[in-house]
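Student: Quick one: structure below, then a few questions.
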Amino acid sequence: MDSSEAFFQIFVPILLIVGIVASIAVRFVGSIFSLRIRNSIARHRLAHVLWLVGSVLAILILVCWLYPLVANRPRMAEQDVIRVAKAEMMARFPQSVATNEPYHADFRDGTWSVSGTVPAGMRGGGAPEAKVRDSDGKVTDVHLAR
C-alpha cells in the first residue's frame, strides 16, 4: 500500500471519527453549560436523539471499515520471511535451494507462502516452498512444489 492509498483508506476515516466524536463532545458540553442548547434539546428532543444515533452509527461504520485494513497487516518483512524459510528449506532440501533463486513471499490470512522460481526448461521437479506463520516466524510446512 503506497502513501496515497494509506491516506485515503486509513487516515481519512480516522479524521472523520475524530470529527464526529468532537462534535458529540461539543454538543454534550454545550448542553451542560448553555441554556439555549438545553432549550433546543427540550423542544426538539427527537431531532437531537436522531442526530446522536446517526453519529454513533457513522462511527461504528467507519470502525468496521478500518478494522480489516489495520488488523491484517504483516508483522514480518518479506526479506525476513524469505531468510527464515530458506534456512528451513536448506535443512530439508539442500540441493534445491540455490538452484531456485530468487524466492518471493506472499502474505495472506496471517501466513506467508514462500516459493522459489523454477528455472526455464527444468522438468520433473519443483522448487521448494514453505509456509511461515507471521505471528511468531515459525515455519509450519516445507515441501517441493509439483
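Here, each number is a calculation from the coordinates, and none is a lab measurement. These figures come from a predicted structure and were not determined experimentally. All Cβ positions, even for glycine, are placed from backbone atoms using ideal geometry, and neighbour counts span all protein chains on display.
Student: How big is the charge dipole of region 78-144 about its Cα centre, in debye rounded to the nearest 20, if each Lys and Arg gets +1 on its Cβ and each Asp and Glu gets -1 on its Cβ?
Tutor: Approximately 240 debye in magnitude.
Student: I've got another one for you. Relative contact order (percent) for the chain, with alpha-carbon contacts under 8 angstrom and 6 or more residues of separation?
Tutor: That works out to 16 percent.
Student: At a Förster distance of 35 Å, what's the computed FRET efficiency of residue 63 paired with residue 83, Cβ-Cβ distance as r, to 0.05?
Tutor: Computed FRET efficiency for residue 63 and residue 83 comes out at 0.45.
Student: Which of 76, 90 comes first, and how do the rest follow, when ranked by fewest Cβ neighbours within 10 Å?
Tutor: Least crowded to most crowded, the residues run 90, 76.
Student: While we're on this one: When the helices in the chain are scored as -39500 (n - 2.57) per DSSP H run of 4 or longer and the sum is shared across all residues, what 222 nm value do you end up with, to the nearest 500 deg cm²/dmol?
Tutor: -17500 deg cm²/dmol
Student: Computed on alpha carbon atoms, what radius of gyration and Dmax characterise the chain, expressed in Å?
Tutor: 26.5, 84
Student: Direction-averaged shadow area of the convex hull around the Cα atoms of region 3-71, nm²?
Tutor: With the hull built on Cα positions only, its mean projection is 5.3 nm².
Student: OK, next. Could you give the size of the charge dipole of the chain about its Cα centre, using +1 on the Cβ of each K and R and -1 on the Cβ of each D and E, expressed in debye and rounded to the nearest 20?
Tutor: About 840 debye.
Student: With springs only between Cα atoms under 10 Å apart, run a GNM on the chain and tell me which of 25, 85, 105 wobbles the most.
Tutor: 25
Student: Simple spin-label model, 7 Å along Cα-to-Cβ: residue 92 to residue 32 in nm?
Tutor: So the label points at residue 92 and residue 32 sit 6.1 nm apart.
Student: Still on this structure: I need the Debye-formula profile for region 69-146: one equal scatterer per C-alpha, no solvent, reported as log10 I(q)/I(0) at q = 0.13, 0.18, 0.24 1/Å, two decimals.
Tutor: -0.37, -0.66, -1.05
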